Structures are given as C-alpha cells and as structure tokens.
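The values are calculated or read from the model by the stated rules, or taken from the named source; none is laboratory data. Note that the structure is predicted; figures quoted are calculated from it, not measured. For neighbour counting, all protein chains shown are included, and Cβ atoms are generated from backbone atoms with ideal geometry for every residue, glycine included. Surface accessibility is based on the protein's heavy atoms, side chains included, excluding ligands, DNA and RNA. Shrake-Rupley method; radii C 1.70, N 1.55, O 1.52, S 1.80 Å.
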Amino acid sequence: MALFLSGLSDGTLRGLTRWYAEQHTARCDHCAASLRALLALRQRLRALGHLPVTAAIPDLPDAPLQTLTPERRAAVEAAWTQIENNS
Amino acid sequence: MTVPETPKNADAPPDRARFMEMVRRCEMALLRAARRLCRSGSGGASRYAVVSEDCAQDLVQDALVRGYEAYRQGRFREGSSPQAWFLRILTNGFINEHRRRTRWEAGVTVDTLTAQGAAGPPSTHAAASETPERALLADTLDEPLERALVALPESLRLCLLLVDVEEYSYAEAAETLGVPVGTVRSRLSRARFQLQESLHDYAKDRGLL
C-alpha cells in the first residue's frame, strides 16, 4: 500500500491501481492519515526547491555566495574560450 | 526570442552571449541544488549537516563548462527549460564524481594517508568552508526537513531531491540516475516514508507531539 500512497500523493498513480488506492483510503483511516502526511511532506519539499540561496540568518557574515567565486568564473570563461578555439 | 544583453557579455560571440544569459538566470538555482547534493550527514559530533562549499562550486563550475560544450554541439533544445537542462548536467556530474570517489576511497588505508608524514589527498582534507556556521547559513528555513534529508541513504536522497525538490518527472530522474522508472518509484516511496518517520521522531523528541 505504501507504493500506492506514494504514487497517489504525486499524481503518478493511474487506472485501476489509482481507483483501488482511492477506494481504500476512503475507508481506511490509517492510510488516509498517511496520504495526508505525504501530501504535506511533498508540499514542504517543493517549497525547498524555491527557497533562495541566502540564509535564514542574514546578519551572519560570510553568507553563501549566490554565484561562482571570481576565480572560478575566470576559469569557466577561459574554458569556454578554449572550447570555442577547439571547434 | 530576444535575449537581453548585459554589459558583461556585450563583446562575447553570439553563442556565448546567449549561453551566458541562460547561466545568469540559472546560477543561483544551480548553486542551491549543488549545496543540497554536497551536503553530508557524516559530520561526526557536529549537530549540523556539513556542506562543502568547494564541492558545490566545483560541481557548478564543471556543469557550466560541460554545458557550454554541449550547447555548442547543439544539444540544448530551444524552447526547453535551461534550468532543467543545467540541473541534469549538474546531477550527472555529481553522480559520476560520487561513483569515482567511492571507488577511490575503497582503496584508502590509514597507512596510505600518513605514509612518511605526507599529507593525505585533497579529498581527505576538511575544507575551510566546512564550519558549523557556514553549514547553518547554507541551511534553509526548514532545518528539520533538511536534516532528515541528509540522514537518508544517498540513493534515496537523490531520487527525492530530483523528483520532489527539483520537480523532475520519474522518467527524467530515471534517465539521470541510470535506473529503471520502477526503481525511481520504489526509492521515492521508501524515501518519503523514511523522511516522514524521521520528522515524526524529531517532533516527538522535542515534545511537539
């Protein structure tokens, strides 16, 4: 049932298995609670993907960089030039 | 589509100018994803997950170079999402590097690391950036969730990061990880339930339940 609930929570469960899982969760309190928890978890995970890189504590020094360091940027651009020259 | 030019790439060849614009739009998201991939839970007594900023920057740097090569070879499909494309390159780079490192580390002994007082290979050194403060800074607002993510076995964590955080389809995640779609489905299920259990334990330990 765990696999079905997981598929139900992200909408990938289809056809007969979806129908079965829906019927089951409508009658089983335990699975219904599991499904609700999975839906909430997926929402939190999706939100992680949209959070900015900057930290929750902006006053601390040395916050994470939002771009490559200048040295790495220079190395990348040198590599790009090399790629252009090689082609 | 007209790509707005920035002063920095105004003199660049047309290919590069367009590519740089794609990079500019995706760089933050790439670094965020790279930090999440480079986080490890093996920080010993540290209560923080350790993020290697060097590892994250390496990953992004490598993805931008390999991305440009692929872009010049016409392997970016116009109209598709540059961010998803870059993320795929980045994740592939991480997986390849992880496989290489796993093979390499399997052959390392204490003797190899300390022979004749020589320093160990670079991968055995703690990066200066691996401080609790930095790790804390790199954390997001949902710290319990991030910590529970770190505690997952890597194969499960990767699946979850790709599908639930980065919003890959099952097929895209399967292609990136080089596993069948059915494996993605089962790993996801296990990952979600394990995560839920960890979060439940976390809340219980703190008297929140």
Q | For A:68-79, mean number of other protein chain Cβ atoms within 10 Å | A | 4
Q: Output the peptides B:82-91, B:168-177, A:36-45 sorted from most to least packed, where packing is the average of other Cβ atoms within 10 Å over each peptide's residues.
A: B:82-91, B:168-177, A:36-45
Q | Interface size A-B, as summed buried accessible area [1.4 Å probe, Å², nearest 100] | A | 4300
(Q) Once you place label points 7 Å from the Cα toward the Cβ at A:A78 and B:E143, how far apart are they in nm? (A) 4.0
Q) What average count of beta carbons from other chains do you get within 10 Å of the Cβ of residues in B:27-33? A) 5
**Q.** Number of partner chain Cβ atoms within 10 Å, mean per residue of A:34-43
**A.** 3
**Q.** Charge tally in the Cβ shell below 15 Å around A:S87, where Lys, Arg are +1 and Asp, Glu are -1, A:S87 excluded
**A.** +1
Q: Place the peptides B:29-38, A:73-82, A:9-18 in order of packing, highest mean first, counting for every residue the other Cβ atoms within 10 Å and averaging per peptide.
A: B:29-38, A:73-82, A:9-18
